[in-house]
1. Only one of GLY565, GLY518, GLY542 is open to solvent by less than 60 Å² (accessible area, probe 1.4 Å) and modelled with pLDDT of 95 or more; which?
2. When the range 484-525 is examined, which residues are found to be touching a residue at least 24 places away in the same chain (Cβ under 8 Å), of a type in the set (A, V, I, L, M) and more than 23 Å from THR612 (Cα to Cα)?
3. I'm trying to understand the selection: among the residues of the range 564-584, which are within 41 Å of the chain's Cα centre (by Cα) and either in contact (Cβ under 8 Å) with a residue 40 or more places away in the chain or outside any helix (DSSP H, G or I) (or both)?
4. For the subset of the range 134-149 comprising residues that are in a strand (DSSP E or B) and open to solvent by less than 10 Å² (accessible area, probe 1.4 Å), which member is nearest to ALA348 (Cα to Cα)?
5. What about SER547, is it in contact with a Phe, Trp or Tyr (Cβ under 7 Å, 6 or more places away or on another chain), at pLDDT 95 or above and among the hydroxyl-bearing types (Ser, Thr, Tyr)?
6. Looking at this structure, is GLU626 touching a Ser or Thr at 6+ places or on another chain (Cβ under 8 Å) and closer than 19 Å to ALA548 by Cα?
7. Quick test for you: out of ARG649, ARG633, ARG601, pick the one residue that is closer than 21 Å to ASN667 by Cβ, not in a helix (DSSP H, G or I) and not hydrophobic (A, V, I, L, M, F, W, C).
Amino acid sequence: MLGAWLLALPALSAQVPSARELRPNLVDNIERPLRYTPDGEDFVIVNGGEFFNRPLYGGNTAFRVDAGDRPEFVLYLPGRGGNLRLGLCRKVERADPSALASTQRVEVNALHHDAKWLHDAAHIEARYRPGGMLYTIRDPLLGDGTLHLVAYATTATEGLILRIEANDIPAGLKLLWVYGGVNGQRGRRDGDIGTENVPISEWFQLKPEFCAGNRIELGKDTFTLTAKLPRDQTATLRGLVPAGATLGLADASQWNDCAKLFSVGASLDDARGRAQGAPLQVVTGRVVLAAGGPLFLAIQRTDAPAVATELDTYRAVQVERADPSALGAEERAEVSAFHPQDLPALFAATEAHFAKLRGQLKVETPDPYLNAAIGALNVAADAVWDEPQGAVMHGAIAWRSKLLGWRGPYAMDALGWHDRARRHLAYWATRQNTDPIPESFPPPEPETNLARSRRALHSNGNLSASHYDMNLVYIDALFRHLLWTGDLAFAREVWPVIERHLAWERRLFRREFTTKTGEKLPLYEAYAAIWASDDLQYHGGGTAHASAYNTWHNRMAGRVASLLGHDPAPFDREADLIARGMRELLWTGTHFAEFKDLLGRQLMHPSAGLWTFYHTLDAGIPNSEEAALMVGRLPPTIPVRGPGVPTDRAYAMHASTDWLPYTWSLNNV
């Protein structure tokens, strides 16, 4: 079958989704193993191979903690905020090393079997309960017992908190931990999956050189790590450990060797000597594990970080304009440092926060995958909200930037956060260009290969000052917010924004075509207006999805105008004209064509993308009979099947288009 080209998975045994090659989806090679299984509101994997592929978000800032199938954690400030590893050490009876001759001292290398990282345990059940990670660990070092580890990014301040409980374990077993490697280094796109030069499981692994410039101070049940960051910034992170724990320093070059790092079998003096002499250090800790009450371990950022600077990649899509919210956005409240005795209450509050967040919206369907996905949707939508800036970010990891665009703002209203939606929409209303409208449009620019005229694009009515038409989706989200809330006061406040936008769209993107009867009717050009826009080109022609947007927006503007006491006639008239243009110029008899050429023979292109189907339906253009016809002309689906995939129903992915050859954003699923 014809289908999109997808990134191929490596060998099944590794269970790692990192890309290595491109190959087409054909009927005989589409099987993929199911890695995660829903269990109530959780997603579960046993002995998975991934590190750092499960972000844990905290208190609506750019800070996060990356966890994974294996229990190791990396803090992201943004920028590397240090790795935290945990291990086990079995008590071994031996003579007092101080009573032995130096040549008789026990060698470290002979004792590897006594110490082990948790991520190397024999059995690891990793359970993503949206907002947190829960691990159940079994291993010969635990005897017949189990270790339960729960991790959250804290919401009160930026940090990580762990709860560790052991059941039926051998006497004398110790929990080990090590932390370090804070340098603020940011990836090409902030460590998002598939965006770095190597897989994330490798990219986030600590290297000893990351510890350069880290200054560590040990206290009683606490430690403090101060690090130099890029742009002459610093970060201060405070560790809080269980009562009775032993803290120390270790040579970062031994990071991957649990026994050597903790100097298992060596004298305490030897261990201290090696650590003090190491140029690059990490902080270590150990405490006796006992069945019963839980242990808590936390790392908290205690300085007041500023709003993260944007990567050059993010700034490249925007034109600099004064931001009225910039002053004050950089200032953050002072951070109250927690103390070890605070950790049980802090953990309980964090756990309760995410339990409530998972329940923001719930669904009950026969499909366990859909039921579990809603809790994850709640957490993901909360993660793209930035509280200090009062805006929806473009992404929670990569593109965590105030880039006006797609998808995110709708979630605020759909999930019941109408106050957040209003704050976001009100912020961007202040960003609209109100400069005088130029008398003439400048021609397309040679430096963009005649692809755009930035002076025309960034004129009166434009909102985002980027190289996309992000106005369309902003206005769409704005109207849907007004429908959700009935907020007439806000409608009155943003009415001038709506008027300027519609005038801007007409100036730049309205195209008239002659019908068979000789009448001229409008369609609208799509200028990088939807998620597929990165490789979507229409040569100035009239498209179904941009025309559908403008039909509905003018229809809604007429409705709002009536409520506010303005004349709705110009908006209703434009909506009627575009709708007629779509019917006479794009309707094929079974579906709306993708677009109509502006130049040459003005051909109609009948092979429509998936977005043409749902945007025209969202705008209310087709009736129910026409919508049923359109379903029969959707792009092909690719079955989801392979080891572990349920067979009780036909799961499939919709291809975005049936176009060839493959290019990013057009042939995805």
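The values are calculated or read from the model by the stated rules, or taken from the named source; none is laboratory data. Everything numeric here is computed off the predicted structure, so don't read it as measured data. Because the Cβ atoms are built from the backbone with ideal geometry, glycine has one as well, and the counts that use them run over all protein chains shown. Accessible surface is based on the protein model in full, side chains and every heavy atom, while ligands, DNA and RNA are left aside. Shrake-Rupley method; radii C 1.70, N 1.55, O 1.52, S 1.80 Å.
1. Values: GLY565 fails: open to solvent by less than 60 Å² (accessible area, probe 1.4 Å); GLY518 fails: modelled with pLDDT of 95 or more.
Testing whether each residue is open to solvent by less than 60 Å² (accessible area, probe 1.4 Å) and modelled with pLDDT of 95 or more leaves just GLY542.
2. Residues satisfying the conditions are LEU488, ALA491, VAL494, VAL497, ILE498, ALA503.
3. LEU564, PRO568, PHE571, GLU574, LEU577, ILE578, ALA579, ARG580, GLY581, MET582, listed by residue number.
4. Keep residues of the range 134-149 that are in a strand (DSSP E or B), which gives 134-138, 146-149.
Checking the rest, the ones that are also open to solvent by less than 10 Å² (accessible area, probe 1.4 Å) come to 135, 137, 147, 149.
Numbers: TYR135: 17, ILE137: 22, LEU147: 19, LEU149: 14 Å.
Of everything passing the filter in the range 134-149, LEU149 is nearest to ALA348 (Cα to Cα).
5. On the way: in contact with a Phe, Trp or Tyr (Cβ under 7 Å, 6 or more places away or on another chain): yes; at pLDDT 95 or above: yes; among the hydroxyl-bearing types (Ser, Thr, Tyr): yes.
Taking the combined requirement at face value, the residue satisfies it.
6. Criteria not met by GLU626.
7. Working: ARG649 fails: closer than 21 Å to ASN667 by Cβ; ARG601 fails: closer than 21 Å to ASN667 by Cβ.
Checking each option against the conditions leaves just ARG633.
Results for (1) over 30 Å from LEU463 (Cβ atoms); (2) open to solvent by 80 Å² or more (accessible area, probe 1.4 Å); (3) at pLDDT below 95, shown as yes or no for each residue.
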| site | (1), (2), (3) |
| --- | --- |
| ARG321 | no, yes, yes |
| PRO324 | no, yes, yes |
| PHE354 | yes, no, no |
| VAL379 | no, no, no |
